[in-house]
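The values are calculated or read from the model by the stated rules, or taken from the named source; none is laboratory data. Computed from a predicted model, the values in this text were never measured in an experiment. In this analysis, Cβ positions are derived from the backbone assuming ideal geometry, glycine residues included, and neighbour counts consider all displayed protein chains.
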Amino acid sequence: MHEDDSACPQPQPQRRARGLLVYVVVAVLAATAGVGTTFAVRAINAAPAPAPTPTTQTAMNDSAVYDKVEPSVVDVSANLQYLDETAEGTGFVINAADGIVLTNNHVIDGATSVTVTPVTSGRAYPAVVVGYDLDADVAVLRIEGAAGLRAVTTGDSDNLTVGTQVLALGNEAGQGGPPTVAPGVISSLGRSIVASDQSSGLTETLHGMLQTSADIRPGDSGGPLANAAGQVVGIDTAAGNGGPGMAFAGYAIPINTALALAGQITARRAGPSIHLGMPAFLGVLLPDSASGDPRRQASQAQNGTANSTRSCLAGDTGTYTAVPAVIAPARGGALVDGVVCGTPAAQAGLEAGDVITSFGGRSVASARALSGFLRGDQPGQAAKLAWVAIDGTQHVAQVTLGVGPAG
């Protein structure tokens, strides 16, 4: 007899506010600078040049700006199925008729599904991941079935100057509801920053960033940075060091940059770092190696420790660093460090230590090559998979790729 599952509540995924990467400023691309505040940092490589005298700016009326921008703000909740978590961030509507929302890629990184909640209604809607740019940290979502959306008014970020007053809105701490606000000024332009997110392991370099003294906090990322006219001029993205003697600073992607990428994504034009839709997912954990030798791949695994466990991995695979204790006697291919439970790879019977030799009729030269194949494939696509097991036996199976984590 079957037990009644409704009598035993299932554990809920851990919720955490995502959206604020810790950044290191590595270069200065424009000779402007100023003061900065908020959050953590590790280093800075170059001191900014002295800031020019700011021009006269329109006085900021925080309440008026909030009233103009707030109806377009949404809370973004990313379901990180394979990490047993949900990540909370912010976004804003840029096309009300089509339900198009702009946010950061790192807000949805690792997501298998995304939910968007307009702050004015408090009603949650499923969102389609239209696409994202890995290098620029921009993602485009489409809300399904929502009515009464209002798009932001955007400004020209190319016309920003040091001293321009701004207001950052966001879903601070992932708490949801009415967005919090953080006033400040543009303190520098054209900054290059290196990003790292300890929770996801994501690391990236962003160029041409706006630096602001606005107190951007975790959960704010993906939110709008507006000027005194209530025009959105940037996407709240990060916080880090503002330079010697500047303590902390917030960073935002210029809206001109973000809108250009959003236009390319919504037009379905792929690019070197642009992925359209959700990626395909096989369910194997692979070393980041271009070597064709599976043993060399194992030795290159960072922080890897030998692990003889061959069962599939459930739960937080994001912290998994083990490499197989035994490796299949294959001369080349992609080493499988681990297999995620409930995925096509697990259903096919792959295990840690196996070596994948071909996929979809294509010979697999390395773990990195297999990753490249998967980036070009689509969820639901069928492919023939061949591998060598640790006992030397060869296997072939037909797999149907799943919907993989975004980012």
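The table that follows gives values for the structure above.
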read-out: Residue match in the range 230-246 (condition: surrounded by fewer than 19 Cβ atoms within 10 Å (Cβ to Cβ) and either modelled with pLDDT under 90 or in contact with a Phe, Trp or Tyr (Cβ under 8 Å, 6 or more places away or on another chain) (or both)); value: yes
read-out: Scope the range 354-369; condition out of contact with any Asp or Glu (no Cβ under 8 Å at 6 or more places or on another chain), surrounded by fewer than 22 Cβ atoms within 10 Å (Cβ to Cβ) and closer than 22 Å to Met278 by Cβ; matching residues; value: Arg362, Ala369
read-out: Residue count for the range 137-152, restricted to those that are assigned to a loop (DSSP other than H, G, I, E, B) and in contact with a helix residue (DSSP H, G or I) (Cβ under 7 Å, 6 or more places away or on another chain); value: 4
read-out: Members of the range 215-227 found to be in contact (Cβ under 8 Å) with a residue 60 or more places away in the chain and out of contact with any Phe, Trp or Tyr (no Cβ under 6 Å at 6 or more places or on another chain), listed by number; value: Asp215, Ile216, Arg217, Pro218, Gly219, Asp220, Ser221, Gly222, Gly223, Ala226, Asn227
read-out: Residue that is modelled with the lowest pLDDT [pool: residues in the range 369-386 that are over 20 Å from the mean Cα position of the chain (by Cα) and either within 19 Å of Ser289 (Cβ to Cβ) or not assigned by TED's automatic domain parsing to the domain that holds Ala345 (or both)]; value: Phe373
read-out: Thr203 β-branched (Val, Ile, Thr), without any contact (Cβ under 8 Å) to a residue 24 or more places away in the chain and under 28 Å from Arg268 (Cα atoms); value: yes
read-out: Matching residues in the range 260-284 - criterion: being within 19 Å of Leu374 (Cα to Cα) and surrounded by 20 or more Cβ atoms within 10 Å (Cβ to Cβ); value: His275, Met278, Pro279, Ala280, Phe281, Leu282, Gly283, Val284
read-out: Residue under evaluation Gly342, criteria (1) within 29 Å of Ile274 (Cα to Cα); (2) at pLDDT 90 or above, criterion not met; value: (2)
read-out: Residue list for the range 387-407, filter: surrounded by 17 or more Cβ atoms within 10 Å (Cβ to Cβ) and over 24 Å from the mean Cα position of the chain (by Cα); value: Trp387, Val388, Ala389, Ile390, Val399
